[in-house]
Amino acid sequence: MSADATNPAAPGPVAPTAARRRTRPRIDLRRLGRAALLGPAARDRLPDAIGHVAEAHRAHHPDADLEPLRRAYVLAESSHRGQMRKSGEPYITHPLAVTLILAELGAETTTLTASLLHDTVEDTDVTLDQVREQFGEEVRYLVDGVTKLEKVDYGAAAEPETFRKMLVATGNDVRVMSIKLADRLHNMRTLGVMRPEKQARIAKVTRDVLIPLAERLGVQALKTELEDLVFAILHPEEYEHTRGLIAENASAPSDPLTEVAEQVRGVLREAGISAEVLIRPRHFVSVHRVSRKRGKLRGCDFGRLLVLVNEDADCYGVLGELHTCMTPVVSEFKDFIAVPKFNLYQSLHTAVAREDGQVVEVLIRTHQMHKVAEAGVVALGNPYAPPSEEQPSGEQSPGDGERADPTRPGWLSRLLDWQQAAPDPDTFWSTLREDLAQDREITVFRPDGGTLGLPDGATCVDAAYAQYGEDAHACIGARVNGRLATLSTVLRDGDTVQLLMGQDPASEPSAAWLEHAHTPAARIAIQRWLATHPAPGQAAAGPSGEEPEERAAPHTPERAAAPAPDTGADTRPARPGRASVVVVDRPRAGARLAGCCTPVPPDEITGFAVRGGMVTVHRVECAAVARMNGAGRAEIDVRWGDTTECRVTLLAESFGRPHLLADLTEAIALEGVEIVSATVAPPTQQRVRHTYTLQLPDAARLPALMRAMRNVPGVYDVSRAQHHSPAQPPGA
């Protein structure tokens, strides 16, 4: 769990967080080490080594029982006695420092008790059964949740499997992740004696996994310091440059933020609003981001004003006074009180302009909102206890409008759902990093009044798997805000989504859905189905990075989706990976039919090698063939096999009239042909274009099928699809 290091990791000191700045200086680990070596105190007094922990704990929980902390320290100190960190400090200084971090954030007694013991099971002879016997099941669960899996047992998979185990434990108790974050913060503070390559490895995992988790749990005090420590290790030159900018601003003869803060205090005094106005310096990474965005920085760019009040209504009172008496920058206003962020955060954001043109950002929140903004889930105390238990005076209960279920946020539920389906540690690890890289969450509404929380950029495909799990294989289309939409449609915050489901339980997903699936739950479910239902002589799906002309049955975002059930059409996806068997003149090579020209027997065909050892089959007259020949791509001999089953994409041009879509799909069904997917472009001058991807049991039926479609009243042309794509570089 811990790193055996204690020297500072950064090339220079990192700016302390606001939480630490308001409390006390960093604890001297050497002094704690000496106190630990003196051994446990008598049973009737608290050991000196945890005096600072007890003081910080009592500041948030005045009536807390300190006896569990005393007993936990005695067990931890005796168990770790003789173990040293690489710096030469007694090992006990690490759990003490981790516990102090949590105590300063306001963690309750159970969390602090587990924090003191968090390395005992991993690094000493103490067992989980002993922890349960002495401290109860809650503490045992928390200690188990943060205990790493052995490399001896898991090898290279130990780290991803440890995080998987930890996340599952967090799903049952978010305090597990609180301890892990504090543990990582102390290890990052003391990373300096590690080899540079190990520092970089740990910093990258912190950047990709721990910092996003801290953000999602709302623990900003830990997140900002972790960001600065990672910044110093991975980008030392930019860090030093930013450090110089901060030092230069600190030595300036005047501070415009101080002047504006005094002006704001005067405005609020005259209005009779009791408020505390603070200057909140930006941390290093924040200064770096602002400098890249704005160029040369001025005094007001190095911090923001923080206005703390007692009641929610006072927040809006402050806002009104500032906008009345000062010059507001309206575009900077955001109301995260009425609409809290998904990670508990609540605040009003605004900005005012000085006469010299400098813009001052202002955060307005209550004292309780500020506590939650800094400490996130840690500020909830014990989120599983009834409101009367360990609920400090004046605090809101977890359900008081901040978030419906702070103990199981939506992003965590989604993460736990897809991690169960991850087939191996590597897939889990890479998918976890990708999932956590999504910075923003949106909320979409269902017609039944429910909601779905999805990452920004999610599509109707993602919504389908979020709502129905693997039953989403039967999805045939969607309505977004009452209008038909393709499954590839990107959803926006506040959209209402009705998913149209087919009735056939044997319905199957389309390989093309992978191109529009952004959530791990959707991608893994589709990939797992495709992997277990391989098509004869054809790969189930290619990587989304392949040339557009080589994708099967592409969806285009600008087109309407498959028809709604009231049209009478049956357009469920059916066996998307199946195609005519193609014989390839290359050992062990698989074949897939190009989506740009959808060849079918008896078309004359040719092939080109693509990624993954596959050969993509085109009609010889396809425009892509000439383009790839011109790029020097070698053709590969291919021919049709014995089977005559095939897939084809047809375009039907028609005049608009009622029930046309139903009549077309009925004509197709009467020919014994299955509809894989269907899209309808918006009408243009009373003309409508329909695109069908169809599965034919026999290619010889194609002419008869096209005649039957042309015989539908209103249809004036039916042709084979030819998808045009921009030129791609060779081998793209």
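Bear in mind these aren't lab numbers, they're just calculated from the coordinates by the rules spelled out. None of these values were measured; they are calculated from a predicted model. Quick reminder, even Gly has a Cβ in these numbers, built from the backbone with ideal geometry, and neighbours come from all protein chains shown.
Summary table
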read-out: Cα-projected label distance for Asp153 with Phe445, points at 7 Å along beta-carbon direction, nm; value: 4.8
read-out: Total formal charge among the other residues, if their Cβ is under 12 angstrom from that of Phe284, Lys/Arg +1 and Asp/Glu -1; value: -2
read-out: Amide H partners (placed H, <5 Å) of Leu696, local residues excluded; value: Cys646, Arg647, Val648
read-out: Cα-derived Rg to Rh of the range 646-720, Kirkwood definition; value: 0.94
read-out: Volume in Å³ per residue [convex hull over Cα atoms, computed for the range 246-378]; value: 121
read-out: Long pairs among Lys180/Lys371; Lys223/Lys293; Lys180/Lys293; Lys204/Lys334, criterion Cα-Cα beyond 26 Å; value: Lys180/Lys293; Lys204/Lys334
read-out: Separation of the Glu55 and Asp493 label points, Cα + 7 Å toward Cβ, nm; value: 4.2
read-out: Full-stretch length increase - Ser251, Glu470 - with 0.36 nm per residue and alpha-carbon distance subtracted; value: 72.8 nm
read-out: Inter-probe distance in nm under a simple model that places probes 7 Å from Cα toward Cβ, at Arg689 and Ser78; value: 8.0
read-out: Potential extension, Glu332-Ala681 segment - 0.36 nm per residue separation minus Cα distance; value: 121.7 nm
read-out: In sequence order, calculated HN-Hα J values of the range 123-129 (Karplus, 6.51, -1.76, 1.60; Hz; x Gly/Pro); value: 10, 9, 7, 5, 10, 5, 4
read-out: Other-chain or far-sequence residues with amide H under 5 Å of Ser677's (modelled H); value: Thr693
read-out: DSSP-loop GluC sites (Glu not before Pro) across the range 604-695, with at most 13 other Cβ within 10 angstrom; value: Glu604, Glu621
read-out: Calculated FRET value between Arg45 and Gln134, using beta carbons and R₀ = 25 Å, to 0.05; value: 0.80
read-out: Charge tally in the Cβ shell below 11 Å around Pro713, where Lys, Arg are +1 and Asp, Glu are -1, Pro713 excluded; value: +1
read-out: In sequence order, calculated HN-Hα J values of the range 465-473 (Karplus, 6.51, -1.76, 1.60; Hz; x Gly/Pro); value: 6, 5, 8, 10, x, 6, 5, 5, 3
read-out: Loop-located GluC sites (Glu not before Pro) in the range 142-232, at most 13 other Cβ atoms within 10 Å (DSSP); value: Glu150
read-out: Residues whose placed amide H lies under 5 Å from that of Asp495, excluding near-sequence neighbours; value: Phe445
read-out: Extension gain from Ala385 to Glu270, taking 0.36 nm per residue of separation minus the Cα-Cα distance; value: 37.1 nm
read-out: Loop-located trypsin sites (Lys or Arg not before Pro) in the range 435-506, at most 11 other Cβ atoms within 10 Å (DSSP); value: Arg440
read-out: Rg [Å, one decimal], Dmax [Å, integer] - the range 407-533, C-alpha atoms; value: 13.8, 41
read-out: Protection-proxy order for peptides 164-172, 245-253, each taking the mean of Cβ atoms within 10 Å per residue, highest first; value: 164-172, 245-253
read-out: Residue-wise HN-Hα coupling along the range 51-59, computed from phi with Karplus coefficients 6.51, -1.76, 1.60 (Hz; x: Gly, Pro); value: x, 5, 5, 4, 5, 5, 5, 5, 5
read-out: Antiparallel DSSP beta bridges within the range 246-378, as percent of all bridges there, nearest 5; value: 75
read-out: Over the range 60-179, volume per residue of the alpha carbon convex hull, in Å³; value: 115
